[in-house]
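Participant: Before we start, here is the structure in question, set down as structure tokens.
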Amino acid sequence: MDAILCIMLVMRSYPKELRSRVVAAGEQGELTIADVAQVFSVGLTFVKKMLRLQRAGEDLAPRHGGGPKPLLQDPERALLRAAVTKQPDVTLAELQQVLATPGSRPVSLPTLCRALQSLQLPRKKKVSAPRSETKSNGRNFGSW
């Protein structure tokens with residue numbers, strides 16, 4: 001059981017070369033789809049899918065997997081990096097305004113925070129407020 005679990009964790013997509021060979025064997029017509037699947041040790045559905053993609057003129061390369069594409073692509077990440085470099089104490093709300101361009105999707109504050117962490121950039125959590133002019137001695141009993 002442990003060996004099966006270990007194998008499942010390291011499964012990867014089939015390389016493009018194998019995909020091309022599967023399509024070539026399927027298009028020759030000498031073998032059935034089931035035979036092609038058996039020869040290359042792949043699933044029947046995989047062979048059908050590769051043949052369908054080839055006939056449609058699409059690329060046989062593996063698709064992006066593991067969930068939706070990231071909301072912030074390279075251009076937006078470059079904008080974030082430039083904004084933080086220009087003004088290191090910029091807040092998340094201000095960064096949200098920087099990315100708010102017509103036609104773009106709105107970005108949440110948690111998404112911005114995660115993007116800054118992945119870029120290893122600092123983030124400011126609060127808006128700067130002017131310092132209080134009264135000195136605090138640790139006791140606020142003067143008004144009692």
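Participant: Against the condition among the charged types (D, E, K, R) and either assigned by TED's automatic domain parsing to the domain that holds R114 or touching a residue at least 12 places away in the same chain (Cβ under 8 Å) (or both), how does K49 come out, does it pass?
Facilitator: So K49 does not fit the description; no.
Participant: Something else: Considering only residues that are in contact with a helix residue (DSSP H, G or I) (Cβ under 8 Å, 6 or more places away or on another chain) and assigned to a helix (DSSP H, G or I), look in the stretch 82-93 and name the one that is surrounded by the fewest Cβ atoms within 10 Å (Cβ to Cβ).
Facilitator: Taking the candidates together, the pick is A93.
Participant: With the requirement that a residue be part of a helix (DSSP H, G or I) and either in contact with a Pro (Cβ under 6 Å, 6 or more places away or on another chain) or surrounded by 14 or more Cβ atoms within 10 Å (Cβ to Cβ) (or both), what does the stretch 41-58 give you?
Facilitator: Those that are part of a helix (DSSP H, G or I) and either in contact with a Pro (Cβ under 6 Å, 6 or more places away or on another chain) or surrounded by 14 or more Cβ atoms within 10 Å (Cβ to Cβ) (or both): F46, V47, K48, K49, M50, L51, L53, Q54.
Participant: Separate question: With the condition kept exactly as written, say whether any residue in the stretch 46-53 is more than 30 Å from R21 (Cβ to Cβ) and of a type outside the set (F, W, Y).
Facilitator: For the stretch 46-53, residues more than 30 Å from R21 (Cβ to Cβ) and of a type outside the set (F, W, Y): absent.
Participant: Checking L99 against (1) surrounded by 10 or more Cβ atoms within 10 Å (Cβ to Cβ); (2) at pLDDT 90 or above: exactly one of these is not met. Which one?
Facilitator: Single failed check for L99: (2).
Participant: How do the pairs read when you match residues in the stretch 72-83 that are under 15 Å from L109 (Cα atoms) and without any contact (Cβ under 8 Å) to a residue 60 or more places away in the chain with residues anywhere that are assigned to a helix (DSSP H, G or I) and of a type in the set (G, A, S), using Cβ under 7 Å and keeping only pairs 6 or more apart or on different chains?
Facilitator: As it stands, the answer is L72/A115; R77/A115; L80/A115, since those pairs meet every condition given.
Participant: Something else: State whether the residues of the stretch 59-74 include one that is loosely packed, with under 13 Cβ neighbours inside 10 Å, under 19 Å from Y14 (Cα atoms) and over 16 Å from the mean Cα position of the chain (by Cα).
Facilitator: Yes: the stretch 59-74 contains one or more residues that are loosely packed, with under 13 Cβ neighbours inside 10 Å, under 19 Å from Y14 (Cα atoms) and over 16 Å from the mean Cα position of the chain (by Cα).
Participant: Go over the candidates A129, A82, A115 one by one and state the one that is more than 15 Å from the chain's Cα centre (by Cα) and modelled with pLDDT of 75 or more.
Facilitator: After ruling out the rest, the residue left standing is A82.
The values are calculated or read from the model by the stated rules, or taken from the named source; none is laboratory data. Please read these numbers as outputs of a predicted model, since none were measured by experiment. Positions of Cβ are generated from backbone atoms using ideal geometry, with glycine treated the same way; all protein chains shown enter the neighbour counts.
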